[in-house]
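Undergrad: Handing you a structure now.
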Amino acid sequence: MVAVSFVGSTPIARYIYETGTKHGKRVQALGGAKNHMIVLPDADVDMAADAAVSAGYGSAGERCMAVSVLVAVGDVADPLVEAIKQRLPKVKVGNGLEPASEMGPLVTREHRDKVASYIASGSEQGATVVADGRETAPDGDGFFLGVSLLDNVTTEMDAYRDEIFGPVLSVVRATSYDEALALVNDNPYGNGVALFTRDGGVARQFQFDVTAGMVGINVPIPVPVAYYSFGGWKASLFGDSHAYGPESIHFYTRGKVVTSRWPDPATSAVDLGFPQTR
Amino acid sequence: MTELAEAPAAGRDESVTRIPHWIGGQRVEGTSGRSGPVYNPATGMQTGAVDLSTVEEVDAAVQNAATAWESWRTVSLARRAELFFRIRELFHAHREDLARSLTAEHGKVLSDAMGEVARGLEVIEYACGIPTLVKGEFSEQASTGIDVYSIRQPLGVVAGITPFNFPAMVPMWMWAPAIACGNCFVLKPSEKDPSPSLLTAELLKEAGLPDGVFNVVHGDKVAVDALL
């Protein structure tokens with residue numbers, strides 16, 4: 001065994017990287033995420049709301065590229081939260097094999113309960129519970145949780161600090177682009193990030209400034225196509241190769257350089273000096 | 001629950017399926033006596049019991065892969081590309097089977113599962129271009145009478161440890177480029193939704209991948225530490 005690729009949570013990714021490399025192995029270990037979607041005041045509110053609902057609750061939020069934090073800048077916050085709130089009752093939660101279902105259950109009962117605990121802790125720590133998925137989960141023994149929306153979330157709250165990995169979307173209100181950018185760049189994770197705006201200049205500056213590996217401009221889940229590579233920055237990836245694409249070819253091979261001469265006895269001589277080109 | 005059990009559609013939930021390892025091109029039942037429960041998250045019922053491997057079982061899989069590598073590393077780029085085109089066609093034909101198998105244990109809706117498989121297929125398609133991807137460079141007359149060139153060679157046996165949230169796609173991110181590059185692969189999938197990895201193994205065998213090039217060992221921290 002000479003190399004290990006890992007995708008999972010950050011504490012395990014760190015363990016895999018440290019243990020594997022200590023044993024001389026080549027390791028790429030992709031960890032957790034806390035993906036922010038910034039919505040600037042000039043963005044199209046309906047488009048941003050559609051994107052936030054799709055990216056926040058798709059696959060029940062169990063995607064490492066799911067949007068977990070919505071950063072609403074300036075006066076876009078009230079209309080954006082209202083637009084999302086209107087969309088939530090229409091999300092059909094149910095058995096994944098039923099064609100009408102848009103969101104399935106969580107993977108285990110324990111995980112469902114852990115995700116639900118962030119709605120309670122968010123409420124206790126001062127967030128506004130706009131939608132409570134504990135009240136809208138389908139009946140039965142499946143590991144279901146409805147969609148949840150927390151507003152007025154701040155960086156000290158557990159719902160902001162932890163990777164929830166479930167259908168709980170937090171709204172953080174920021175007063176400026178700079179404040180929104182600082183939120184993303186101060187976050188220990190740096191997997192995906194999205195910016196919603198109509199201003200190309202701001203978008204270009206954002207792509208230059210942001211400390212994350214995968215950036216979406218008006219695209220909420222910027223998973224790179226197969227001929228680019230997938231990987232985050234900071235605590236979202238340990239190692240130096242991203243997954244699939246060109247970096248995977250580099251990761252799964254090692255280079256060899258051959259220096260070759262077909263003998264010409266006439267030029268052969270002993271030379272103990274450092275090899276130089278002639 | 002009684003009502004569910006009596007309904008024919010839910011009959012599958014009644015029997016708990018044993019989910020074994022895949023080593024050397026075949027299903028291999030675990031010997032540890034330890035297993036993990038696998039649930040259908042939509043019903044809350046246990047549908048499977050996945051064998052959790054011992055250190056010795058992981059070592060056996062790695063040994064098997066190492067033996068297979070002796071011949072796999074000699075297979076030409078042309079043959080590897082040809083094989084990956086067959087793999088692509090077979091996975092594309094069975095994309096709904098893969099999607100259904102992961103929905104049954106992960107819970108995500110089928111349309112989402114189909115999307116996951118589609119994005120994984122794109123990585124397989126990328127791997128079909130392996131002859132171009134591993135091309136080296138050549139410098140003629142780097143020094144007088146001397147040429148210098150670079151080649152890229154496979155590493156040997158490599159492992160992938162994958163999460164529950166993308167039980168088909170994330171393994172594809174790893175095994176497709178790893179095997180196309182000429183490595184042998186040992187997958188340790190999530191013990192929460194392990195079945196798509198066995199379907200993957202069967203499809204790879206059907207496509208013509210030699211036994212031992214792709215292996216699956218299920219497990220927990222014991223297996224992970226054995227791979228590290």
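The values are calculated or read from the model by the stated rules, or taken from the named source; none is laboratory data. Quick caveat: nothing in here was measured; it's all calculated off a predicted structure. Neighbour counts run over all protein chains shown; Cβ positions are idealised from the backbone, glycine included. Heads up: the accessible areas ignore ligands, DNA and RNA and are worked out on the full protein's heavy atoms, side chains in. Shrake-Rupley method; radii C 1.70, N 1.55, O 1.52, S 1.80 Å.
So that you can scan it fast, the table gives a plain yes or no per residue for (1) more than 11 Å from every other protein chain (Cβ to nearest Cβ); (2) touching a residue at least 60 places away in the same chain (Cβ under 8 Å); (3) within 25 Å of A:Glu135 (Cα to Cα):
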residue: A:Gly31; (1), (2), (3): no, yes, no
residue: A:Gly74; (1), (2), (3): yes, yes, no
residue: A:Ala83; (1), (2), (3): yes, no, yes
residue: A:Gly94; (1), (2), (3): no, no, yes
residue: A:Arg112; (1), (2), (3): no, no, yes
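Undergrad: Still on this model: Of all residues in segment B:164-186, which are within 20 Å of B:Thr103 (Cα to Cα) and crowded, with 24+ Cβ neighbours inside 10 Å?
TA: Within segment B:164-186, B:Asn165, B:Phe166, B:Pro167, B:Ala168, B:Met169, B:Val170, B:Pro171, B:Met172, B:Trp173 qualify.
Okay, residues lined up against (1) of a type outside the set (D, E, K, R); (2) in a helix (DSSP H, G or I):
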{"residue": "A:Ile12", "(1), (2)": "yes, yes"}
{"residue": "A:Glu18", "(1), (2)": "no, yes"}
{"residue": "A:Ala43", "(1), (2)": "yes, no"}
{"residue": "A:Met47", "(1), (2)": "yes, yes"}
{"residue": "A:Ala55", "(1), (2)": "yes, yes"}
{"residue": "A:Ser68", "(1), (2)": "yes, no"}
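Undergrad: Being within 13 Å of the chain's Cα centre (by Cα), surrounded by fewer than 24 Cβ atoms within 10 Å (Cβ to Cβ) and either touching a residue at least 40 places away in the same chain (Cβ under 8 Å) or more than 7 Å from chain A (Cβ to nearest Cβ) (or both): is that true of B:Leu199 here?
TA: yes
Undergrad: What is the residue count in segment B:72-98 for residues that are touching a residue at least 60 places away in the same chain (Cβ under 8 Å), closer than 24 Å to B:Thr17 by Cβ and part of a helix (DSSP H, G or I)?
TA: Matching residues across segment B:72-98 total 4.
Undergrad: With the checklist (1) in a strand (DSSP E or B); (2) within 9 Å of chain A (Cβ to nearest Cβ); (3) surrounded by fewer than 22 Cβ atoms within 10 Å (Cβ to Cβ) in hand, flag the one item B:Gln141 doesn't pass.
TA: Among (1) in a strand (DSSP E or B); (2) within 9 Å of chain A (Cβ to nearest Cβ); (3) surrounded by fewer than 22 Cβ atoms within 10 Å (Cβ to Cβ), B:Gln141 violates only (2).
Undergrad: As an exercise: evaluate A:Pro167 against (1) more than 14 Å from chain B (Cβ to nearest Cβ); (2) under 21 Å from the mean Cα position of the chain (by Cα); (3) surrounded by 16 or more Cβ atoms within 10 Å (Cβ to Cβ) and give the number of the one condition it does not meet.
TA: Answer for A:Pro167: the failing condition is (1).
Undergrad: A follow-up question, please. With respect to the numbered conditions (1) under 20 Å from the mean Cα position of the chain (by Cα); (2) not in a strand (DSSP E or B), which one is the sole condition not fulfilled by B:Gly136?
TA: All conditions are met except number (1).
Undergrad: Restricting the search to segment A:100-144, which residues are of a type in the set (Gly, Ala, Ser) and either more than 24 Å from A:Pro79 (Cα to Cα) or assigned to a strand (DSSP E or B) (or both)?
TA: Within segment A:100-144, A:Ala100, A:Ser101, A:Gly104, A:Ala116, A:Ser117, A:Ala120, A:Ser121, A:Ala131, A:Ala137, A:Gly140, A:Gly142 qualify.
Undergrad: Next up: Could you say whether any residue in segment A:22-35 is assigned to a helix (DSSP H, G or I) and open to solvent by 10 Å² or more (accessible area, probe 1.4 Å)?
TA: Going through segment A:22-35, the residues assigned to a helix (DSSP H, G or I) turn out to be A:22.
From what's left, open to solvent by 10 Å² or more (accessible area, probe 1.4 Å): A:22.
Checked against the condition, which is being assigned to a helix (DSSP H, G or I) and open to solvent by 10 Å² or more (accessible area, probe 1.4 Å), segment A:22-35 yields at least one hit.
Undergrad: With B:Ala49, B:Ala65, B:Ala61 as the choices, which residue is touching a strand residue (DSSP E or B) at 6+ places or on another chain (Cβ under 7 Å), in a strand (DSSP E or B) and at pLDDT 95 or above?
TA: B:Ala49
Undergrad: Of the numbered conditions (1) under 22 Å from A:Arg26 (Cβ atoms); (2) within 13 Å of chain B (Cβ to nearest Cβ), A:Val223 satisfies every one except a single condition; which is it?
TA: With respect to (1) under 22 Å from A:Arg26 (Cβ atoms); (2) within 13 Å of chain B (Cβ to nearest Cβ), A:Val223 is out only on (1).
Undergrad: Kindly indicate whether A:Pro138 is open to solvent by 10 Å² or more (accessible area, probe 1.4 Å) and of a type outside the set (D, E, K, R).
TA: Yes, satisfied.
Undergrad: Give A:Ser59, A:Ser68, A:Ser54 a once-over and let me know the one that is open to solvent by 50 Å² or more (accessible area, probe 1.4 Å) and under 20 Å from A:Gly216 (Cα atoms).
TA: Exactly one residue qualifies, and that residue is A:Ser54.
Undergrad: Okay, moving on. Is it true that A:Val45 is touching a helix residue (DSSP H, G or I) at 6+ places or on another chain (Cβ under 6 Å), within 14 Å of another protein chain (Cβ to nearest Cβ) and of a type in the set (Val, Ile, Thr)? Show your work before the answer.
TA: Values: touching a helix residue (DSSP H, G or I) at 6+ places or on another chain (Cβ under 6 Å): yes; within 14 Å of another protein chain (Cβ to nearest Cβ): no; of a type in the set (Val, Ile, Thr): yes.
It is false that A:Val45 is touching a helix residue (DSSP H, G or I) at 6+ places or on another chain (Cβ under 6 Å), within 14 Å of another protein chain (Cβ to nearest Cβ) and of a type in the set (Val, Ile, Thr).
Undergrad: What are the residue pairs meeting all of these: first residue in segment A:247-267, first residue more than 7 Å from every other protein chain (Cβ to nearest Cβ), second residue hydroxyl-bearing (Ser, Thr, Tyr), Cβ atoms under 7 Å, and 6 or more apart or on different chains?
TA: A:Glu247/A:Ser229; A:Glu247/A:Ser241; A:His250/A:Ser241; A:Phe251/A:Ser241
Undergrad: Related question: Just checking, which of A:Arg26, A:Arg14 is out of contact with any helix residue (DSSP H, G or I) (no Cβ under 6 Å at 6 or more places or on another chain), facing chain B (nearest Cβ under 9 Å) and in contact (Cβ under 8 Å) with a residue 60 or more places away in the chain?
TA: Answer to the selection: A:Arg26.
Undergrad: If we keep just the residues of segment B:128-138 that are at the interface with chain A (Cβ under 9 Å from one of its Cβ atoms) and farther than 30 Å from A:Trp262 by Cα, which is least open to solvent (accessible area, probe 1.4 Å)?
TA: The selected residue is B:Ile130.
Undergrad: Here's a check for you: in segment B:103-119, which residue that is within 15 Å of B:Pro171 (Cβ to Cβ) and at the interface with another protein chain (Cβ under 9 Å from one of its Cβ atoms) is surrounded by the most Cβ atoms within 10 Å (Cβ to Cβ)?
TA: B:His106
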